[in-house]
Amino acid sequence: MTDPSNGYEAVAAEFLAGRSRAPSSAVGARAVRDWARTLPSGATVIDLGCGSRLPITRVLVGEGLKVYAIDAAKSLVAAFRHNLPGIPIACESVEGSPFFDRMFDGVVAWGLVFLLLPEAQRRLIKRIADILVPGGRLLFTSCAGVESLVWNDAMTGLESRSLGGVEYRTLLSAVGLTVTSEYEDEGQNHYFDAFKEDTATRRQ
């Protein structure tokens with residue numbers, strides 16, 4: 001049976017020990033904070049594969065956004081509820097999630113996309129486009145190289161897979177998402193920052 005947590009339930013204790021006191025200045029926090037500040041005040045955002053979510057979700061909440069979250073590892077969801085009580089979170093895989101049956105102004109997928117099989121990544125990008133409002137923003141991390149890349153995840157030892165920058169940009173474009181910028185943070189995580197085109201405006 002496939003593990004919906006991609007191995008993270010099995011290593012949850014080790015993962016949480018490393019994140020238990022993650023400061024607001026931890027790797028990724030500044031990049032996500034800068035992104036959050038481009039959204040409208042009070043925008044609604046979903047954090048996919050949120051884990052415990054220090055510091056990423058905490059940064060989003062701190063910027064005044066209305067945040068929802070999803071993770072498939074039960075232990076990480078329990079830690080999330082302890083760290084950020086009151087923030088809606090569902091314990092389910094991103095592949096099968098109904099995403100709270102609503103639309104969002106922003107989607108964050110930090111450290112998630114490359115854990116999925118290639119076809120699951122492609123489906124997820126399409127589903128993200130479906131839940132974003134026109135003008136909505138997507139921020140996700142993966143490798144940017146032209147070629148696809150496979151490596152072993154540092155926590156679980158399982159294979160991680162980047163489809164490569166060219167395919168990610170092609171997939172995003174095909175579902176109406178335009179990459180506005182790419183950059184790396186202090187931990188060498190590569191970000192794709194994209195927005196959903198307003199097709200009604202474009203037709204005028």
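The values are calculated or read from the model by the stated rules, or taken from the named source; none is laboratory data. Keep in mind that this is a model prediction, so the values were computed, not measured. No Cβ is skipped: glycine too gets one built from the backbone with ideal geometry, and neighbour counts run over all protein chains shown. Only protein heavy atoms, including side chains, enter the accessible area calculation; ligands, DNA and RNA are left aside. Shrake-Rupley method; radii C 1.70, N 1.55, O 1.52, S 1.80 Å.
Below is a table of values for the structure above.
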read-out: Other-chain or far-sequence residues with amide H under 5 Å of Gly51's (modelled H); value: none
read-out: Trypsin sites (Lys or Arg not before Pro) within region 56-138, DSSP loop, no more than 12 other Cβ atoms inside 10 Å; value: Arg102
read-out: Percent RCO, i.e. relative contact order, over region 1-108, from Cα pairs under 8 Å lying at least 6 residues apart; value: 31
read-out: Glu159 long-range amide H proximity, modeled H, under 5 Å; value: Asp153
read-out: Hull volume in cubic angstrom per residue (convex hull over the Cα atoms of region 81-145); value: 113
read-out: For region 173-188, 3J(HN,Hα) per residue [Karplus equation, 6.51 cos²θ - 1.76 cosθ + 1.60, θ = phi - 60°, Hz, x = Gly/Pro]; value: 4, 5, 10, x, 10, 10, 6, 8, 6, 9, 7, 10, 9, 5, x, 6
read-out: Rounded percent of accessible protein surface that carbon and sulfur make up, the chain, 1.4 Å probe; value: 53
read-out: Of Gly51, Gly164, Leu39, farthest towards positive along the dipole that unit charges on Lys, Arg, Asp, Glu beta carbons give the chain; value: Leu39
read-out: Accessible solvent surface per residue of the chain, calculated while the other protein chains remain in place, 1.4 angstrom probe, Å²; value: 47
read-out: In region 42-126, GluC sites (Glu not before Pro) in a DSSP loop with at most 11 other beta-carbon atoms within 10 Å; value: none
read-out: Unit charges at the beta carbon, dipole of region 98-204: most positive-side option, Val150, Leu139, Ala120; value: Ala120
read-out: Candidate lysines for bridging to Lys74, where Cα separation is under 27 Å - those fewer than 8 sequence places away on the same chain excluded; value: Lys66, Lys126
read-out: Computed magnitude of the charge dipole of region 47-108 (debye, nearest 20; Cβ of K, R +1, Cβ of D, E -1); value: 240
